[in-house]
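Chemist: Structure below; questions to follow.
Just so it is clear, none of the values below were taken in a lab; they were calculated from the coordinates. Note that the structure is predicted; figures quoted are calculated from it, not measured. Note that each Cβ is placed from the backbone with ideal geometry, even for glycine, and that neighbours are counted across all protein chains shown.
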Amino acid sequence: MKRKIFITGTVCIIMVNCSPRKQDGQSLLGSLPEVLPPVLDVTRAEELVQLSLDCVDRKFPYKIGYRFDGPEWIKPHYEVTPSFYGCWDWHSAVHGHWTMTKILKMYPDISVADSIRAKLSTNLSRQRLDAEFRFFTDNDFTKGFERTYGWAWLMKLYSELSTWDDKEGQAWARNMRPLAELLSRKTVDYLNVLSSPLRPGTHANTAFSFSLMYDYAVTVEDTALFNSIKQFSNRYFAPDRDCPTAYEPSGTDFLSPCLAEAESMSKTMGSDEFPDWLDMFLPAPADDRFHPLRSPPVVLDLKDPGIGHLIGLMFHRAWTMNQLASVLPSFDERREIFSRLAAIHAREGYTIMFDSGYGGEHWLATFAVYTMSEYSRLNSD
């Protein structure tokens with residue numbers, strides 16, 4: 001009998017130890033340092049936009065993302081895509097222009113306003129954007145070029161321009177509209193044949209692109225894209241449960257797959273349904289299973305372009321957790337915890353990003369500006 005009791009007791013201990021421990025939310029909150037998130041004041045805006053100004057027309061180093069179908073393609077990349085040819089790669093050049101546009105909208109009298117306008121006027125001219133449009137329509141291999149990450153950022157750029165009460169901004173939006181609408185149609189076609197979402201912590205992540213594209217679809221009233229994203233999300237994301245946070249992050253992630261999906265669903269799912277879905281999909285911040293997402297990742301080589309992706313991950317975690325906090329009910333204890341964790345991540349990312357060299361500086365300004373501008377928007381509503 002004693003032996004039987006001992007065995008039973010051992011089994012119980014094992015079961016308890018194997019179950020996820022859930023820390024009290026208030027205890028976790030009390031253990032987190034109180035830090036203020038970096039705010040996008042004019043000083044930081046000037047500091048960050050300068051990184052984009054320095055790279056949007058910097059031709060080298062450059063990573064070509066398209067296929068050479070013959071010797072005629074052996075020519076400078078800036079002749080192929082004459083609007084978006086700097087900042088290391090096409091998508092970074094696109095969102096570098098978004099960064100400049102966003103800063104100029106926020107601070108029209110910023111000291112570098114003339115420089116920003118000059119570069120936008122050159123690169124977003126009708127002639128150059130028509131060449132970008134033809135690149136996508138005349139070459140079969142562009143079916144997958146920058147899909148969907150770069151496409152999402154271009155839609156974000158167009159949204160920013162189209163909602164800007166500025167004469168030049170409206171002209172640049174008109175120049176870009178055909179390309180934005182083309183990439184929207186290509187996205188709908190792609191989702192019609194995509195049988196499963198892509199879930200890495202890098203560019204191909206479907207949920208990340210959906211979040212930007214959904215905002216675009218709402219802004220410009222693109223019903224086809226809006227419905228396509230909603231239908232795909234309902235079919236493939238809504239049934240998801242228990243996102244495997246234990247495997248985050250991978251060593252070169254700049255996105256959190258779990259938080260990217262949660263952010264996207266916070267937009268596409270009804271506000272009444274989302275909190276319950278989040279309960280089943282993502283462990284609460286006080287749960288041990290959320291532990292890998294609580295602290296900013298360790299970056300051992302800031303200047304390594306791949307490892308330095310982890311700096312961007314800090315910003316991505318920050319803006320997604322801010323978004324989650326903004327949509328949860330006021331009584332939900334996760335709101336304050338998400339907000340505190342977001343501030344910790346954003347502060348750490350901003351502190352170290354300027355030591356990343358060109359491998360980080362060509363894109364991190366966008367992630368920093370997006371994080372801070374979204375924080376301001378969410379907290380002003």
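Chemist: State to the nearest 20 debye the size of the charge dipole of the range 237-381 about its Cα centre, where the only charges are +1 on K and R beta carbons and -1 on D and E beta carbons.
Modeler: Roughly 340 debye for the range 237-381.
Chemist: Say the cut-off is 21 Å between C-alpha atoms; which of 119/156; 230/267; 75/119; 119/186; 186/230 go over it?
Modeler: Check vs 21 Å cut-off fails for 75/119; 119/186.
Chemist: Give me the three principal axis extents of the range 61-200 from the C-alpha atoms, as integers in angstrom, largest value leading.
Modeler: Computed over the range 61-200, the largest-to-smallest principal extents equal 45, 34, 27 Å.
Chemist: Net charge near residue 362, counting Lys/Arg +1 and Asp/Glu -1 over other residues with Cβ under 13 Å of its Cβ?
Modeler: 0
Chemist: Further question: Farthest toward the dipole's positive end in the chain, which of 315, 283, 124, given Cβ charges of +1 (Lys, Arg) and -1 (Asp, Glu) about the Cα centre?
Modeler: It is 283.
Chemist: For residue 287, what residues show an amide H to amide H distance below 5 Å, using hydrogens built from the backbone and excluding near sequence neighbours?
Modeler: Those qualifying (amide H under 5 Å, at least 5 residues apart or on another chain) are 23.
Chemist: So, one more: Angle, helix 126-138 long axis vs. longest principal axis of the chain, Cα atoms, 0 to 90°, nearest 10?
Modeler: 60
Chemist: By count of other Cβ within 10 Å, fewest leading, how are 258, 243 ordered?
Modeler: Ranked by crowding around the Cβ, least crowded first: 243, 258.
Chemist: To make sure I understand the rule: partners must be aspartates and glutamates, Cα under 18 Å from the Cα of residue 63, and not fewer than 8 residues away in the same chain. Which ones qualify?
Modeler: Within the straight-line limit of under 18 Å, residue 63 reaches these aspartates and glutamates: 54, 79, 89, 132, 146, 304, 361.
Chemist: Can you tell me the 0 to 90 degree angle between the C-alpha axis of helix 334-352 and the longest principal axis of the chain, rounded to 10?
Modeler: 50
Chemist: Rounded if a/c is under 1.5, else prolate if a/b is larger than b/c, else oblate: which is the range 29-117, with a ≥ b ≥ c the root eigenvalues of its Cα gyration tensor?
Modeler: oblate
Chemist: With 10 angstrom as the radius, rank 271, 159 by how many other C-beta atoms surround their C-beta, starting from the fewest.
Modeler: 271, 159
Chemist: Per DSSP helix of 4 or more residues, -39500 (n - 2.57); summed, then divided by the residues of the chain. What does that give at 222 nm, rounded to the nearest 500?
Modeler: The per-residue figure over the chain is -20000 deg cm²/dmol.
Chemist: Give me Rg/Rg_expected for the range 239-381, where Rg uses Cα atoms only and Rg_expected = 2.2 N^0.38 Å with N residues.
Modeler: Cα Rg divided by the expected 2.2 N^0.38 Å: 1.02.
Chemist: Among 325, 86, 254, flag the residue with its Cα farthest along the positive direction of the charge dipole of the chain, charges on Cβ as +1 for Lys/Arg and -1 for Asp/Glu.
Modeler: It is 254, whose Cα lies furthest towards the positive end.
Chemist: If you keep only loop residues by DSSP, which GluC sites (Glu not before Pro) in the range 135-225 have at most 13 other Cβ atoms within 10 Å of their Cβ?
Modeler: Filter output for the range 135-225: 221.
Chemist: Please give the helix 2-18 orientation as an angle from the longest Cα principal axis of the chain, in degrees from 0 to 90, rounded to the nearest 10.
Modeler: For 2-18 against the chain, the angle is about 20 degrees.
Chemist: At a 10 Å Cβ-Cβ cut-off, how would you order 361, 47, fewest neighbours first?
Modeler: Ordered by Cβ neighbours within 10 Å, fewest first: 47, 361.
Chemist: Work out how much length residue 57 to residue 276 would gain on full extension: take 0.36 nm times their residue separation and subtract the Cα-Cα distance, in nm to one decimal.
Modeler: Stretched fully, the residue 57-residue 276 segment lengthens by 74.2 nm.
Chemist: Here's another thing I want to ask about it. Dipole size in debye (nearest 20) for the chain around its Cα centre, Lys and Arg Cβ +1, Asp and Glu Cβ -1?
Modeler: Approximately 860 debye in magnitude.
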